[in-house]
Structure formats: C-alpha cells, structure tokens
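Below is one structure, written out as structure tokens; comments come after it.
The values are calculated or read from the model by the stated rules, or taken from the named source; none is laboratory data. Just so you know, these numbers come straight off a predicted model, no measurement behind them. Cβ placement follows ideal geometry from the backbone for every residue including glycine, while neighbour counts extend to all protein chains displayed.
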Amino acid sequence: MRVVSAIAKRELAAYFGSPTAYVLIGVYLVLSGYFFYSDVALFVTFGAQVLSTGLWRFVFVDYRLVTLLVLPLVTMRLFAEERKLGTIELLWTLPVKDYQVILGKFLAAWIFFLVIVLLAMIPFVVFYAFFPFDLGPPTAGFVGLILLGTAFIACGIAASTLTENQVVAAMLTYGILVFFWFMTWNEAVGDESIIRFLLLLSLFDHYYNFATGSIQLVDVVYFLVFIVFFLFVALRSLQSRSWRGVV
C-alpha cells in the first residue's frame, strides 16, 4: 500500500499543480449547478409532487452527462503523458509492480473525482436549508454517481495505457462510454431477448435506478465488475510490453 499511496500522492500533486484541474472542476460545477437550477425551476413550475421522480431523477441524469464530459479529460493523461515524455520507462526501472502503478493512478483520479462530487453537493445543501427533504433518494443518487464515475475512470485508465496521445486516449474513452450508453437505444436491432441482454450490459441503464433513489444489488455488482474488467485490461496492456520487447 505504501507504493500505491506514493504514486497516488504524486498524481494528485500533478493534478492540483496544474491549472487544468481547476478548469475541469470549474466546468463540472458550472454545468452541474446550471442543470440543478434548471431542474428545480422546472419542478416548481410544473408543480411536480414527488422529489425522487420529479426532481432527483432529472438532476442525476444531468449529472451523468456532465460526468461523462469531464472525466475522460481527467484520465487521459495518466499513462499517455508518461509514454510521451518517456518517464514510464523510468517508472518501470523502479521496484514497483504494474498493478501498483495502475492502482495508484486509479486512486488519485478517484480522489480527484470525489472532491468534485463533494463540491457538487453544495446546491443540495443550499436547497435543503430552504426546503428540507428526505435524504435517502439523493444519497442513492450520489452513490450511483460515484460508481458511474469510478467506472469512467477505470475505462479511461485502460484507454490511456494504449496510446501516448492524450487526445486519442480521451476520444477512445468517449467512444467506449458512448457505446455503452447508446447500445439499447435502437430497439430495432433485434428481438426482445437481445434487448434484454443489452440492458444487462448497458452502463447507463444500471445507473438509472440510482437516479430514482433505489440501490439495487445487481446494479452495484454490475459497476464493480465493469471497474475490475477495465482495470484488468489496463494491467494486461502494460504487461504486453514484455512480449513486445519494450523492456
């Protein structure tokens, strides 16, 4: 754990030592704050009665979009920059394991995302001060948002191990995540059994229950499997250097 912690601290210092991190945080908070205000305005205007389906569902669905826009830009540099600068070869000469490097970088990106999520809770706190509400549904929503963001981070890390170009890493991450978003949109792709199977694989359909205030075990397990799978892909990508003759 010391090695993982040291790598995470190094990455966090790189994050917060760069103006890019503050720009990304600012963009996330501005967009999420705008969506929160708009959703509350619609909720009040149309006289909706149930917060979990009339407000929180729309807020967390919008937060999903903001997270999708921002997180690939957070993860794109994790390995791609190391490859481009040549520092990854130096890293490989140190007594660290590939999985420790991946976990350290993953932990740093995850902590960075948690900071964003904590700041994104501010509108909820202000809203609660004027209109107390049941904390259960939004808590479920944030649990789902954290799991969704963690899945994005794992996917982004895997993409970043495949290239030395940060833009390519970001676009590859966007492509994979958008595929998991759109895969169930076209019901004409097959019969009902195929659609049910695609629903089992759909990243965003599993998130929807959280957005409506419900935590289902099957959804939690899905996200955990998704995260582990892409971290495994990242590990195998790094280990491929042994048969490619890189070291």
Subject >> Boolean, Gly104 is more than 30 Å from Glu82 (Cα to Cα), at pLDDT 90 or above and part of a helix (DSSP H, G or I) >> reply: no
Original post:
Can you pull out the residues in the range 151-169 that are crowded, with 22+ Cβ neighbours inside 10 Å and either of a type in the set (D, E, K, R) or not in a loop (DSSP other than H, G, I, E, B) (or both)?
Top reply: Ala151, Phe152, Ile153, Ala154, Cys155, Gly156, Ile157, Ala158, Ala159, Ser160, Ala169
**OP:** State which residue is surrounded by the fewest Cβ atoms within 10 Å (Cβ to Cβ) when the search covers only the range 86-101 and only residues that are under 30 Å from Gly26 (Cβ atoms) and at pLDDT below 75.
**Re:** Thr87
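Each row is one residue, and each column tells you yes or no for (1) closer than 18 Å to Val4 by Cβ; (2) at pLDDT 95 or above.
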residue: Leu114; (1), (2): yes, yes
residue: Leu119; (1), (2): no, yes
residue: Leu135; (1), (2): no, no
residue: Ile153; (1), (2): yes, yes
residue: Ala159; (1), (2): no, no
residue: Leu162; (1), (2): no, no
